[in-house]
1. Quick check: at a probe of 1.4 Å, how many percent of the accessible area of the range A:79-124 sits on carbon and sulfur atoms?
2. Once you have the Cα-Cα distance between B:Ala110 and B:Asp161, take 0.36 nm times their residue separation minus that, and quote the gain in nm to one decimal.
3. Too long at a 32 Å Cα-Cα cut-off: which of B:Lys14/B:Lys111; B:Lys44/B:Lys132; B:Lys13/B:Lys117; A:Lys33/B:Lys111; A:Lys33/B:Lys126; B:Lys14/B:Lys139?
4. Want the number for B:Leu54 to B:Ala209: 0.36 nm per residue separation, take away the alpha-carbon distance, what's left?
5. Which FRET efficiency value, to the nearest 0.05, do you get for B:Gln120 and B:Arg147 by plugging their Cβ-Cβ distance into 1/(1 + (r/R0)^6) with R0 = 22 Å?
6. With unit charges on the beta carbon (Lys/Arg positive, Asp/Glu negative), name the residue among A:Ser36, B:Gln170, B:Thr73 whose Cα is farthest towards the positive pole of the charge dipole of the protein assembly as shown.
7. Per-residue Cβ counts within 10 Å, from other chains only, averaged over A:35-48: what number is that?
8. Separation of the range B:112-126 and the range A:56-91 by C-alpha centroid, Å?
Amino acid sequence: MVEDFNSSQPIYYQILQRICRQIVRGEVQAGDKLPSVRELAVQSGVNPNTAQRVYTELERLHITETRRGQGTFVTEDQSQLQSLRDTLKSERIQAFLQDMREMGYTDAEIVAGIQHHQQSEEGSS
Amino acid sequence: MSQHIVEFKNVSKKYPGREALHNVSFTLPRGKVIGLIGPNGSGKSTALKLMAGLLRPNAGQVLVNGEIAGRPTQHQHMAFLSDREELYPFYTIGETLAFYKSVYGDFDLAKAEDMLKFLQLAPDQKVGGLSKGNYGRLKMVLTISRRVPLLLLDEPLSGLDPMVRQTIIQSIISYFDPEQTILLSTHEVSEIEPMLDMAMLIFNGQLVALEDVETIRETHQQHLVGWMSTAVR
């Protein structure tokens, strides 16, 4: 289909994550209108009930708001968007750290590794 | 209006020498897209044909929209997409739509014409000359355009190439009415999984499981194919 979904997470959650990333990257901006439930369903190849669940969850998390008769919009509340940025950031860092610690790296090694990697990236560009 | 769109009460169906369904009971909720899955010969088609009133159970009762299946008023409750080729080859696509409109009062002609455009079918093409893919698309148009509470699709994707399967899946998502229940049998499980609300697994004439697809992912951490193979082992 249009998109691939991994098997271990609910599909609605994977679409929700994708929309959150688009917002954090600025592809979708504060106050932008999101596609209708049916459009989202067709784009992602999922059923409209799943698409509806994505929007219900986004609204529950105060990332979007529904305007009666007009559709779903990204919130214009900058503090909400900032907290979304922070949440995604700490989620990724936490996952990375957990992964590295499981392999037995110390925090000092991890930090040094990141700095080293960054420097070599700068050097090559 | 009965609460469930479909109800099987202790249903058994025997063919000469073999029992296709054995004492099966379940109910299906309204407004869901449900995948009927299971290996070949497990009883999927039999279950669909019992709902469509094309077969009678040897024991038990099949209720569709609260009424016993197979009554003359059956067509008000459901539309059935057969896995066979059964349209008149001498009609054009446009004539086939008009024919359906004359047979079924609930046929939504405007929707059907809209779907033809979406699927790039020309109304003046002869049905007999259609490719397998376009024939499959046309059958989907004819079924989805019925305004009935239950749509039964028997292997709508089988034997079609990936491009055609994708447009058919998209046409279902774009055009079905969320108040309708869709029950479709298929082997292409992983392809239809994202569009399903529920999965119903039949094996050896028994109902093995009927569950929400998201629940399967959340609790078993598996997609449908994995879940299916664990369940029938």
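1. Ligands and nucleic acids excluded, carbon and sulfur give 52 percent.
2. 15.6 nm
3. B:Lys14/B:Lys111; B:Lys13/B:Lys117; A:Lys33/B:Lys126
4. So the extension gain works out to 53.4 nm.
5. Numbers: r = 24 Å, r/R0 = 1.09.
It comes out at approximately 0.35.
6. Toward the positive end, the furthest listed residue is B:Thr73.
7. Shielding by partners across A:35-48 averages 4.
8. 40
The values are calculated or read from the model by the stated rules, or taken from the named source; none is laboratory data. In this text the structure is predicted, and so the values were computed from the model without any measurement. All Cβ positions, glycine included, derive from the backbone under ideal geometry; neighbour counts span all protein chains shown. Side chains are part of the model used for accessible areas, which takes the heavy atoms of the whole protein and leaves out ligands, DNA and RNA. Shrake-Rupley method; radii C 1.70, N 1.55, O 1.52, S 1.80 Å.
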